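Before any comments, here is the structure.
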Amino acid sequence: MRLVLATRNEHKLRELGEAMPGADLEPLPESVELPPEDGVTFEANALVKARAANEATGLPALADDSGIEAAALGGRPGVRSARYAGEGASDEENLAKLLEEVNGPDRRVAYVCVLALVRAPGDELVVEGRCEGTLDPSPRGSGGFGYDPAFVPGDTPDDDLRTMAELSPDEKNAISHRGRAARAMAARLERGAE
C-alpha cells in the first residue's frame with residue numbers, strides 16, 4: 001500500500017519502513033505544511049497530522065506522535081517530548097533536562113507511539129505501541145535518536161543493560177514503541193480492519 005508519511009524525519013521514515021515492509025512509505029512533500037502539534041494527547045496530534053497530509057496529497061496518510069513518559073514526573077514530558085527543553089531544543093538538550101528532573105529512585109519511563117492512518121475523510125485507524133524501561137543517568141550509544149541514549153528497555157534480559165542507542169536496528173525494532181505500533185497497524189490492515 002502506498003502511504004505518505006506525515007513527517008520529513010528520516011529516522012522515523014526509516015524505522016517505520018523497516019517495521020512495515022509491506023507499505024510503500026513516501027516522505028511528506030516539501031510543499032505540505034502540517035498544523036501545529038498542540039493536542040493534549042498523542043492520538044490527537046497524530047490524527048491532525050494524518051488528516052492534513054491526506055487532504056493535501058490525496059493519498060492515504062500515516063502519522064505518528066510519540067514521546068517519553070516518566071513515572072516520577074506524572075507522565076511528563078509526554079506530548080511535549082520533542083520540545084521539552086523549549087522550542088527548537090536539540091535531542092541532547094531535551095535529554096539533559098529529563099535527566100536533571102528524573103534524579104530520584106523512581107527511574108521508570110515508557111516510550112509511547114500512536115500511529116494514525118487516514119485513508120479518506122472519516123476513514124481513520126489509530127493504534128498505540130509502548131515500550132517500558134528505565135532511564136539511565138549515563139547516556140551512551142550512537143544509534144537511535146531522541147532519548148535513546150538513556151532509555152534501557154525492560155524487554156531485554158535482566159543482565160542486558162544496553163540503551164536503545166546501543167541496540168542494533170533489528171533489536172530496537174523488535175521491541176520499540178514505534179515498531180510495535182507499526183506492526184499493530186500492519187496487522188490491522190492485513191485483516192482489513194476499518
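Think of the chain as a dipole: +1 on every Lys or Arg Cβ, -1 on every Asp or Glu Cβ, centred on the Cα centre; then among GLY88, GLY104, LEU34, LEU34 lies furthest on the positive end.
The angle separating the long axis of helix 91-101 from the principal Cα axis of greatest extent in the chain is about 50 degrees. Helix 177-190 versus the longest principal axis of the chain: what is the Cα-based angle in degrees, 0 to 90, to the nearest 10? Approximately 30 degrees, to the nearest 10.
Over the residues of the chain, the helix contribution to mean residue ellipticity at 222 nm works out to -9000 deg cm²/dmol, using -39500 (n - 2.57) for each DSSP H run of at least 4.
Run the numbers on the chain and let me know its relative contact order in percent, using alpha-carbon pairs under 8 Å that are six or more apart.
Relative CO of the chain lands at 19 percent.
Globularity index of the chain is 1.01 (Cα radius of gyration / 2.2 N^0.38 Å, N = number of residues). Distance between the C-alpha centres of the range 74-90 and the range 167-194: 24 Å, rounded to the whole angstrom. Projecting the Cα positions of ALA150, ALA52, SER176 onto the charge dipole of the chain (unit charges on Cβ atoms of Lys, Arg, Asp and Glu, taken about the Cα centre) puts ALA52 furthest along the positive direction. For the chain, the longest principal axis of the alpha carbon atoms and the long axis of helix 10-19 meet at an angle near 80°.
No value in this document is a laboratory result; all are computed from the given coordinates. No experiment lies behind these values; they were computed from the predicted model shown. Glycine also receives a Cβ, built like all others from the backbone with ideal geometry; neighbour counts cover every protein chain displayed.
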